[in-house]
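Before any comments, here is the structure.
Read-outs: derived from the displayed coordinates by stated rules, not from any lab. The shown structure was predicted, so the numbers you read here are calculated from the model rather than taken from an experiment. Please note: Cβ atoms are built from the backbone with ideal geometry, for glycine as well, and neighbour counts cover all protein chains shown.
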């Protein structure tokens, strides 16, 4: 499950006030527009030589040019409005979905960040028979930026639920028991030790010393992993590693700004234009 926040505006009121004040004081943005063109045309007529008035054909040509400029500017405004609306609709459709975004456009250093935490949310069936399983999958990153497939197999045993980390079907270490509290929510996170992750070919010694923590949600998180009725719906919602070029995360909200929509991902606001891929 993913907590979803409503679309909101990230434009501070102070910024809005400052912009308005600046516009009033300057009297405009110093760009040529239809008003400028009209003022020049009126000035030309006002100060023309009465003994040698402007040619009527030239006057009609200038009037036609004025109309053309006005039409083109109106079309540009409509296009900008339409583009902004389309971006907002597209951003809203990404809420609750995993996306990939470019770190280069955010001024990233290009240095890889190894995965140290994988967030897992969802439910496991309370009436599941012994031997029942459910799988959640994601990609994690080593310290050198290598992307590695990780599968988490949840299995029902006689004593409760366990999770087994795997890479392309190869088990990484032993299964770990998942503790649940009296309300059937996961009470503690569990860890895949680095020694188990070293079992992935070509990655030995390239993992965080503390391994990878499977974060099931804090005690105050209503979306934390739980045992409940119905089918299994466990899934990875976030992981904190990247290859230094791009990162992934689940969109939890949209903020509307003067520069376009920004997506709330993992506690950050990511510009819509930085999104490079959207998963279903």
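Quick look at the numbers
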| read-out | value |
| --- | --- |
| Mean Cβ neighbour count within 10 Å, used as a protection proxy, ranking 127-135, 88-96 highest first | 88-96, 127-135 |
| Peptides 218-228, 115-125 ordered by average Cβ neighbours within 10 Å, highest first | 115-125, 218-228 |
| Ranked 101, 272, 47, criterion: other C-beta atoms within 10 Å, fewest first | 47, 272, 101 |
| Rotationally averaged projected area of region 168-279 (alpha carbon convex hull; nm²) | 9.9 |
| Spread of Cα-to-Cα distances over 5 Å intervals beginning at zero, given as percent, for region 114-239 | 2, 11, 22, 25, 18, 12, 7, 2, 0 |
| Kirkwood hydrodynamic radius of region 59-180, from inverse mean 1/r over distinct Cα pairs, in Å | 20.0 |
| For region 119-193, convex hull of alpha carbons as volume per residue, Å³ | 102 |
